[in-house]
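Undergrad: Dropping the structure in here first, questions after.
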Amino acid sequence: MNTIIFTVVTLSLLGLLLAVVLYFVAQKFKVEEDPRIDEVESCLPGANCGGCGYAGCRAFAESCVKAGNLDNNFCPVGGNAVMSRIAGKLGLEVKEKAPMVAVVRCSGNCDNRPKTSFYDGYSSCRIKASLYTGDTGCSFGCLSEGDCVSACSFGAIRMNPNTGLPEVDDDLCTACGACVKACPRSIIELRNKGPKNRRVYVACSSKDKGAVARKACSAACIGCRKCEKACPFGAITVENNLAYIDFNKCRLCRKCVDECPTGAIHAVNFPPKVSRPDTEAAATEGVKES
Amino acid sequence: MSRTFSKGGIHPNDSKISENAAIEQFPLPETGYVSMAQHLGAPAEPVVSPGDTVKVGQLLGKPSGFISAAVHSPFSGTVKSVEPYADLAGNKVMTVVIEVNGDEWLDTIDRTDTIVREIPYSSSEIVARIAECGIVGLGGATFPTNVKLSPPPGKKAEYLIINGAECEPFLTSDYRLMLEMPEQLLVGTRIMMKALGLEKAYIGIEDNKPAAISKLGEFRDQYRDIEIVPLKKKYPQGGEKQLIKAVTGREVPSMALPIDVGAVVQNVGTAVAVYEAVQKNKPLFEGIVTITGRCLPQQHNFRLRAGTMISSILEAVGGIPDECMKIISGGPMMGKAVSNLSAATLKGTSSLLLMTEKETKRTEESNCIRCGKCVSACPMGLEPYLLNKLGRRGMTDELEQEHVYDCIECGCCSYTCPANIPLLDVIRNSKAAVMKIMRSRPKK
């Protein structure tokens with residue numbers, strides 16, 4: 001019985017003594033930290049996705065407090081709501097940013113882009129890309145192994161088994177950019193989400209010459225410049241046989257969509273057009289694919 | 001007692017089914033596709049333009065940079081175009097397309113069979129000649145030979161080792177070369193000895209090729225300075241570092257080059273090419289290519305001009321058999337699958353291997369059971385199971401600590417894994433990523 005009492009008393013005294021020591025040590029070596037960092041961090045989503053360019057939410061919060069302005073910092077996951085809350089806490093100004101979304105710039109599904117070989121290696125785009133140009137004739141398009149899917153922390157991308165292409169869920173995508181970095185072919189781009197999620201973009205990344213690109217994929221951009229001429233706002237530029245629509249200039253008139261001979265320009269989330277039956281097919285196809 | 005390297009290694013079935021097929025001359029194709037990137041390093045710069053007439057052996061591309069090699073025309077005819085073409089992995093490479101017309105060689109090339117044994121050239125003349133003729137290592141890496149024969153200042157070669165191991169299953173091109181051109185090989189070896197200022201050289205041959213060992217042994221009296229070293233059959237004996245260990249007992253340290261332990265390794269094919277370049281003035285534009293596979297009715301060893309389209313070779317051997325599932329350029333362990341049959345062969349192409357579905361099919365991957373088979377198979381003393389785990393998580397710092405850059409990509413780990421984990425696929429990729437990070441660091 002005595003042993004138990006002694007043990008309890010000794011350990012309690014030891015605990016008390018060490019607690020006192022620890023208290024003084026903690027006081028002595030206290031790290032001064034801006035309390036606002038904690039406050040800012042509490043506003044952040046806590047996903048630690050790295051979409052802002054920092055290692056995690058804490059690092060982002062530190063940078064916001066340190067910088068003294070919010071011009072170069074933006075949390076893509078939290079968006080404008082979180083940024084204005086941070087701005088409120090820090091007493092700073094913040095500019096509203098248009099919401100972005102990841103867009104897959106490839107329409108090489110199984111029908112458009114026939115397979116030329118069969119890949120049986122480890123299922124990873126990065127490894128596949130290091131071995132060869134892929135199992136289709138196109139050396140720029142989607143490799144269909146789903147590195148973007150595994151990179152997404154928000155479950156916003158899934159592989160469509162029918163097309164072999166990734167599909168982005170507009171509502172779940174936070175535009176953190178993880179998929180953009182994961183894609184070895186750089187076919188995913190962050191673009192303006194657009195009013196009512198309506199967007200027009202070139203769904204192709206092929207820089208091959210027209211004939212070569214067309215041979216590999218019937219939905220490829222052939223760099224014919226028809227869209228460039230059709231665009232009344234000068235939003236389209238063709239470089240290296242590939243058209244690009246500047247989303248800041250695009251006014252969603254969809255003239256380019258009608259002009260494109262291969263249907264490489266997709267217009268998504270628009271209501272179907274009534275007057276022209278042939279272009280309506282192209283437009284609805286675009287909706288289906290993206 | 002045959003020697004071998006000490007660490008790791010595996011014993012795949014050597015399947016040398018084409019070993020008895022004598023070397024045949026492959027007919028000239030109608031069109032030749034001569035790639036400007038037939039070697040390790042910077043691609044050659046084309047010096048011809050469409051419409052030019054070229055002869056066999058004429059310079060088509062000049063080296064651009066220190067590690068680069070000249071490319072010579074394997075065909076005579078007219079240059080049709082100079083444009084990018086897809087290589088066997090589909091990557092676009094600058095290619096000179098030649099419409100073949102006859103077979104007219106440059107007058108400077110000695111086409112007779114007489115063996116020239118005298119070597120009246122100095123070391124620097126030999127190296128210059130080798131560079132002029134665009135000789136590259138034919139053991140697989142196609143590293144420019146002249147660079148390898150000029151050791152950096154302060155380093156001295158002590159051993160010249162000629163690699164006749166041919167440890168890859170199926171390949172027999174080096175074997176046929178040793179049987180049919182033994183003296184050319186020995187003179188080529190002497191030329192390289194002279195270039196390096198050495199008195200002695202070694203030819204390492206695995207003991208599954210007794211005919212080659214005895215054939216070269218016949219010349220023992222004339223070539224006392226070249227020792228034939230029989231090696232115990234084990235893959236990857238033909239790996240540079242493994243061969244050095246087997247022949248000299250020296251181990252090349254991590255991150256070091258063979259020259260750091262005083263060794264220079266050259267393939268037997270390279271030795272013959274060096275002979276032809278120095279003694280016969282013949283640039284490197286053709287080589288021995290094994291066309292083999294269990295699904296092929298007949299096995300072949302062709303003397304083939306670089307720049308022949310793969311599909312035309314396959315047509316010449318009777319087309320692709322129905323049961324053929326995969327075509328590999330090189331051996332089954334380290335070769336690359338051909339995804340583009342309209343690609344052309346290169347200087348360094350050693351084999352086309354046709355495999356059936358049964359032979360190549362990957363079995364479904366299961367979990368690592370930590371059996372350690374890959375660790376005991378790895379000839380570089382790495383831990384492939386660990387590298388695989390780190391690689392999948394992208395932990396580059398840890399991969400570097402585990403010496404992923406020492407991997408020679410021999411594939412022993414994947415071969416031996418009972419869980420069918422594609423270890424090499426993951427490790428090769430991690431290695432590339434780590435090397436990229438290491439190269440980007442400022443040099444001390």
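Laboratory data are not the source of any read-out in this text; all were calculated from the coordinates shown. Values in this document were obtained by computation on a predicted structure and should not be read as measured data. Cβ: placed from backbone, ideal geometry, glycine included. Neighbour counts: every protein chain shown.
Undergrad: Which percent of Cα-Cα pairs in segment A:35-90 sits in each 10 Å bin, short to long?
TA: Spelled out bin by bin, segment A:35-90 gives 27, 67, 5 percent.
Undergrad: If each residue of separation counts as 0.36 nm, what is the full-extension length gain between B:Ser376 and B:Glu24 once their alpha-carbon separation is subtracted?
TA: Full extension of this stretch gives 122.6 nm more.
Undergrad: Then there is this: Based only on other Cβ atoms within 10 Å, what is the fewest-to-most ordering of B:Thr108, B:Thr270?
TA: By the 10 Å Cβ count, ascending, the order reads B:Thr108, B:Thr270.
Undergrad: Would you mind estimating how fast segment B:123-280 diffuses translationally, via Stokes-Einstein at 4 °C and 1.567 mPa s with the Kirkwood radius over Cα pairs, in µm²/s?
TA: 84 µm²/s
Undergrad: For A:Lys66, give me every one of the lysines with a C-alpha distance below 28 angstrom, ignoring sequence neighbours fewer than eight places off in its own chain.
TA: A:Lys28, A:Lys30, A:Lys89, A:Lys95, A:Lys97, A:Lys181
Undergrad: Contact order normalised by length for chain B, with contacts defined as Cα pairs under 8 Å and 6 or more residues apart; what percent is it? Kindly include the intermediate steps, with their values, before the conclusion.
TA: Details: 1010 pairs, mean separation 86.7, N = 444.
For chain B, the relative contact order is 20 percent.
Undergrad: Here's a follow-up. Give the list, by residue number, of cysteines in chain B with no other Cys Cβ closer than 4.7 Å, or say none.
TA: Lone cysteines by the Cβ rule: B:Cys133, B:Cys167, B:Cys295, B:Cys324, B:Cys368, B:Cys371, B:Cys378, B:Cys407, B:Cys410, B:Cys412, B:Cys417.
Undergrad: Considering only the protein assembly as shown, what is the antiparallel percent among its DSSP beta bridges, to the nearest 5?
TA: On the way: 54 of 78 bridges.
So the antiparallel bridges amount to about 70 percent of the total.
Undergrad: Another question about this same structure. Round to a whole angstrom and tell me the spacing of the C-alpha centers of segment A:236-269 and segment A:1-77.
TA: Answer, in whole Å: 50.
Undergrad: So, one more: Work the Kirkwood hydrodynamic radius out for segment B:373-438: mean of 1/r over every pair of different alpha-carbon atoms, inverted, in Å.
TA: 11.3 Å
Undergrad: Kindly provide log₁₀ I(q)/I(0) values, in the same order as q = 0.09, 0.11, 0.16 Å⁻¹, from the Debye equation applied to equal alpha-carbon scatterers of segment A:100-289.
TA: Reported log10 I(q)/I(0), two decimals: -0.30, -0.46, -1.00.
Undergrad: If we count every other residue with Cβ under 12 angstrom of A:Met100's Cβ, Lys/Arg +1 and Asp/Glu -1, where does the sum land?
TA: My count for the surroundings of A:Met100 gives +2.
Undergrad: If chain B were replaced by its equivalent ellipsoid, with semi-axes equal to the square roots of 5 times the Cα gyration tensor eigenvalues, what would those be, largest first, whole Å?
TA: 32, 27, 23
Undergrad: Note down the net charge around B:Val79, summing +1 for each Lys or Arg and -1 for each Asp or Glu among other residues with Cβ under 14 Å from its Cβ.
TA: -1
Undergrad: Going by C-beta contacts inside 10 Å, put B:Lys55, B:Lys443 in order with the fewest on the left.
TA: Exposure proxy ranking, most exposed first: B:Lys443, B:Lys55.
Undergrad: Tell me which residues come under 5 Å, amide H to amide H, from B:Thr31 once H is placed; ignore anything under 5 positions away on its chain.
TA: B:Val100
Undergrad: Which FRET efficiency value, to the nearest 0.05, is calculated for A:Tyr23 and A:Met1 with the Förster distance at 41 angstrom and r the Cβ-Cβ distance?
TA: Working: r = 33 Å, r/R0 = 0.81.
Efficiency, rounded to the nearest 0.05: 0.80.
Undergrad: Still on this structure, please answer the following. Roughly how many debye, to the nearest 20, is the charge dipole of segment B:154-247 about its Cα centre, given +1 on each Lys and Arg Cβ, -1 on each Asp and Glu Cβ, and no other charges?
TA: Details: 15 positive and 14 negative charges, 64 e Å.
Charge dipole of segment B:154-247: 300 debye, to the nearest 20.
Undergrad: Please give me, ordered by residue number, the GluC sites (Glu not before Pro) of segment B:84-170 that lie in loop per DSSP and have at most 13 other Cβ atoms within 10 Å.
TA: B:Glu118
Undergrad: Here's something else I'd like to know. Give me D for the protein assembly as shown in µm² s⁻¹, whole number, from Stokes-Einstein with Rh from the Kirkwood sum over alpha-carbon pairs, 37 °C and 0.692 mPa s.
TA: Diffusion coefficient, whole number: 110 µm²/s.
Undergrad: Could you tell me what percent of the DSSP beta bridges with both partners in segment B:123-277 are antiparallel, to the nearest 5? If you can, show how the numbers build up before the last one.
TA: Details: 1 of 17 bridges.
Roughly 5 percent of the DSSP beta bridges within segment B:123-277 come out antiparallel.
Undergrad: Please report the net charge: other residues with Cβ closer than 13 Å to the Cβ of A:Ser186, K and R +1, D and E -1.
TA: That sum, taken over residues with Cβ under 13 Å, equals +3.
Undergrad: Using a 10 Å cut-off around each Cβ of peptide A:110-123, what is the average number of partner chain Cβ atoms that fall inside?
TA: Mean partner-chain Cβ count within 10 Å for A:110-123: 3.
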